[in-house]
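Chemist: Please see the structure below; I have some questions.
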Amino acid sequence: MTTVEIEQIRAYMFVIGTGIVMAIFYYYIIYLYRSEKKGEKDYEKYSNLALDDELDSKILDKNPKIENDKKE
């Protein structure tokens, strides 16, 4: 195998790898958009967390495991 062939294989692998990463990234964007549209999650609430980061800030989501332990 010559150096030119190795470089061609490397270039093909780079293009294929970049395509796979882009496909995963776009799938993740669509997943986030759909879950916010359905009302499953409110990502704007989480984006405000960086601005409102105090010890006495209100809790965004309650942990159901902790709530179940308190009931028992």
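Chemist: Give just the number: which of (1) at pLDDT 80 or above; (2) exposed (fewer than 10 other Cβ atoms within 10 Å of the Cβ) does S47 not satisfy?
Modeler: Answer for S47: the failing condition is (1).
Chemist: Considering (1) exposed (fewer than 10 other Cβ atoms within 10 Å of the Cβ); (2) at pLDDT 75 or above, say which one G17 fails and leave the rest.
Modeler: Result: G17 passes all but (1).
Chemist: Of the residues K41, K37, only one is of a type in the set (K, R), without any contact (Cβ under 8 Å) to a residue 60 or more places away in the chain and part of a loop (DSSP other than H, G, I, E, B); which? Spell out the reasoning first.
Modeler: Values: K37 fails: part of a loop (DSSP other than H, G, I, E, B).
The match here is K41.
Yes or no, residue by residue, for (1) assigned to a helix (DSSP H, G or I); (2) within 14 Å of the chain's Cα centre (by Cα); (3) without any contact (Cβ under 8 Å) to a residue 60 or more places away in the chain:
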| position | (1), (2), (3) |
| --- | --- |
| M1 | no, no, yes |
| E7 | yes, no, yes |
| R10 | yes, no, yes |
| Y27 | yes, yes, yes |
| Y33 | yes, yes, yes |
| Y46 | yes, yes, yes |
| I59 | no, no, yes |
| I66 | yes, no, yes |
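The values are calculated or read from the model by the stated rules, or taken from the named source; none is laboratory data. From a predicted model like this one, the values you see are computed outputs, not experimental measurements. We place every Cβ from the backbone using ideal geometry, glycine too, and count neighbours over all the protein chains shown.
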